[in-house]
Amino acid sequence: MTISKNILAGSGAVEPAYEIEQSLMFEKTQGHGLRRTETSSGNRRTWTLSCWIKQATVDNTAFMIWGQAVSNMHFLTMQSQILVWNEYSGPNNIRLVTNRIFRDPSAWYHIVLRLDTTQATASDRAKMYVNGVRETSFSIEVYPSQNHEGMINNHTVNSGHNYVGNGHFNINQTGYGFNGYIAEMNFIDGTALDPSSFGETSSTTGQWVPKKYEGSYGSKGYYLPFSKNGNGGSAYLDG
């Protein structure tokens, strides 16, 4: 894996622009990936994931971006240029497969997954956003039951391992790796947030751009800036 000097700058309409100076480049054929090991469980009903991704190649392979992946699987992938959020533990508890196709390998996409299974309305329990806009058009659309406790934040699943950029049963497997860049990953334990906590619309270009997250991470949350001198949380290179 390579720390890549980049990339993204916020609008700075009021304050100086927020710049993301680094991203982490993953190469699928090398089996690149990060693994985070949990020793205790967090909130399994409510959490938020935010990250910026850029594909290096666009093909028909399943690219794992983030999640836990064993016989009970929970993950975010890019499959055949389609974004998929899936949790499988016998039945599909969550399965959102976008109709939207992500064809542009030069584009950065801001992805937010928001889980709150305490909500009464099924479609409010799992929300996916891309560049600040909620995705609502899916070829497959399955939502969790109310108060469902998912796989993420469960330290007893797969020895508590969470993966970034690779996964499945073994982080060294090259068939499930991500070809591309990931930047500014935030995982918020116990709070369901919308994209405005992590991004904003540029006052000059009208584009969706990053901003610094200022809130709490909860007891099991983390921030991965992928900088050479930054605090990468408890994630570490494995493989």
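The values are calculated or read from the model by the stated rules, or taken from the named source; none is laboratory data. What you see is a predicted model; the values in this text were computed from it and never measured. Note that each Cβ is placed from the backbone with ideal geometry, even for glycine, and that neighbours are counted across all protein chains shown. All accessible areas refer to the heavy atoms of the entire protein, side chains included, with ligands and DNA or RNA removed. Shrake-Rupley method; radii C 1.70, N 1.55, O 1.52, S 1.80 Å.
Glu149 passes all but one of (1) part of a loop (DSSP other than H, G, I, E, B); (2) farther than 26 Å from Tyr222 by Cα; which number fails?
Condition not satisfied by Glu149: (2).
Answer yes or no as to whether Phe169 is buried (at least 19 other Cβ atoms within 10 Å of the Cβ), of a type in the set (Phe, Trp, Tyr) and either at pLDDT below 90 or closer than 19 Å to Leu115 by Cα (or both).
Details: buried (at least 19 other Cβ atoms within 10 Å of the Cβ): no; of a type in the set (Phe, Trp, Tyr): yes; either at pLDDT below 90 or closer than 19 Å to Leu115 by Cα (or both): yes.
So Phe169 fails the test.
If we scan the stretch 72-80, do we find a residue that is of a type in the set (Val, Ile, Thr) and at pLDDT below 75? Step through it out loud before you land on a result.
First pass over the stretch 72-80, keeping only residues of a type in the set (Val, Ile, Thr): 77.
Now drop any that are not at pLDDT below 75, which leaves none.
No, the stretch 72-80 contains no residue that is of a type in the set (Val, Ile, Thr) and at pLDDT below 75.
Among the residues in the stretch 115-125, are any crowded, with 18+ Cβ neighbours inside 10 Å, at pLDDT below 85 and over 23 Å from Lys211 (Cα atoms)?
no
So which residues in the stretch 128-142 are open to solvent by 50 Å² or more (accessible area, probe 1.4 Å) and within 18 Å of His74 (Cβ to Cβ), if there are any at all?
The initial filter retains those residues of the stretch 128-142 that are open to solvent by 50 Å² or more (accessible area, probe 1.4 Å), namely 133-134, 136-137, 139-141.
The answer is Ile140, Glu141.
Could you identify the single residue in Asn43, Asn99, Asn92 that is polar (S, T, N, Q), open to solvent by 10 Å² or more (accessible area, probe 1.4 Å) and touching an Asp or Glu at 6+ places or on another chain (Cβ under 6 Å)? Walk me through it before giving the result.
Values: Asn99 fails: touching an Asp or Glu at 6+ places or on another chain (Cβ under 6 Å); Asn92 fails: touching an Asp or Glu at 6+ places or on another chain (Cβ under 6 Å).
Going through Asn43, Asn99, Asn92 in turn, the sole match is Asn43.
Every residue, every condition in (1) within 26 Å of Gly221 (Cβ to Cβ); (2) in contact with an Asp or Glu (Cβ under 8 Å, 6 or more places away or on another chain); (3) open to solvent by less than 20 Å² (accessible area, probe 1.4 Å); (4) part of a loop (DSSP other than H, G, I, E, B), yes or no:
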residue: Arg36; (1), (2), (3), (4): yes, no, no, no
residue: Thr39; (1), (2), (3), (4): yes, no, no, yes
residue: Gln68; (1), (2), (3), (4): yes, no, yes, no
residue: Ile111; (1), (2), (3), (4): yes, no, yes, no
